């Protein structure tokens, strides 16, 4: 099973709302990633968790708060977002984000289409 | 940090013709180069990848070549079909300096295959 799942598929929220995006994988991967993708642009890395610890935060605003409750789950908590945060949010996982010797292919989930009003 | 340049940004080919997309990278320490295909509204899907100790890899109609000296890698699609129409992203994997590796993506190429 090489599948990463994400919920919800679509989310519309106001600027004062609090919501969460969820990501799950059962491939035994130990690295998980959050990306933001705007239309006609490449995925832009936000966070990396490696062995359930946050290892990369690409200077993301604090209104985005990641959480990794266990090795299979990754959440992204959203609060006080701005309209410019509207985008496709992609989760990905790979076998081991710390080993340079492995191919460490990243597999993407289907994404959550977020609209901030 | 790593910088990946991808060309062309758009490419139109007739069905049955070949398509070539080229990428260059800046960090000589990059050691893994995947290519992703993203259809409209869908997730990026890995179509082929190559490690830095290999010069060429082929999978049916798709091939990737790597020139480490020139820091250049290319995607070749032969006998193109309408279902090959999508946005293609190249990427290079580099060490983040924080104990993890990350992918740096090119800006993408929108491939249109005309029946």
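Here are some notes:
Residue-wise test of (1) under 30 Å from residue A:9 (Cα atoms); (2) loosely packed, with under 13 Cβ neighbours inside 10 Å; (3) at pLDDT 95 or above; (4) touching a helix residue (DSSP H, G or I) at 6+ places or on another chain (Cβ under 7 Å).
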{"position": "B:5", "(1), (2), (3), (4)": "no, no, yes, no"}
{"position": "B:24", "(1), (2), (3), (4)": "no, no, yes, no"}
{"position": "B:33", "(1), (2), (3), (4)": "yes, no, yes, no"}
{"position": "B:44", "(1), (2), (3), (4)": "yes, no, yes, no"}
{"position": "B:83", "(1), (2), (3), (4)": "yes, yes, yes, no"}
{"position": "B:88", "(1), (2), (3), (4)": "yes, no, yes, no"}
{"position": "B:97", "(1), (2), (3), (4)": "no, yes, no, no"}
{"position": "B:107", "(1), (2), (3), (4)": "yes, no, yes, no"}
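- All of (1) surrounded by 13 or more Cβ atoms within 10 Å (Cβ to Cβ); (2) at pLDDT 95 or above hold for residue B:102 with one exception: (2).
- Taking strands (runs of 3 or more DSSP E) as the structural unit, those lying wholly within segment B:1-59 and holding at least 3 residues that are at the interface with chain A (Cβ under 10 Å from one of its Cβ atoms), within 25 Å of residue A:93 (Cα to Cα) and within 12 Å of the chain's Cα centre (by Cα) correspond to B:32-38, B:45-51.
- Residue under evaluation residue A:26, criteria (1) farther than 18 Å from residue A:110 by Cβ; (2) more than 9 Å from chain B (Cβ to nearest Cβ), criterion not met: (1)
- The single residue among A:77, A:26 that is under 14 Å from the mean Cα position of the chain (by Cα), in contact (Cβ under 8 Å) with a residue 12 or more places away in the chain and surrounded by fewer than 20 Cβ atoms within 10 Å (Cβ to Cβ) turns out to be A:77.
- For residue A:38, the conditions (1) surrounded by 14 or more Cβ atoms within 10 Å (Cβ to Cβ); (2) under 19 Å from residue B:41 (Cα atoms); (3) touching a residue at least 40 places away in the same chain (Cβ under 8 Å) all hold with the exception of (1).
- Segment B:1-12 residues that are over 11 Å from residue B:103 (Cα atoms), paired with ones that are part of a loop (DSSP other than H, G, I, E, B) (beta carbon under 7 Å, 6 or more apart): B:5/B:106; B:6/B:106; B:6/B:107; B:6/B:108; B:9/B:107
- All of (1) more than 13 Å from residue A:113 (Cα to Cα); (2) within 13 Å of chain B (Cβ to nearest Cβ); (3) part of a loop (DSSP other than H, G, I, E, B) hold for residue A:34 with one exception: (3).
The values are calculated or read from the model by the stated rules, or taken from the named source; none is laboratory data. Since this is a predicted model, take the numbers as computed values, not measurements. Reconstructed Cβ throughout: ideal geometry from the backbone, glycine too, with neighbour counts over all protein chains shown.
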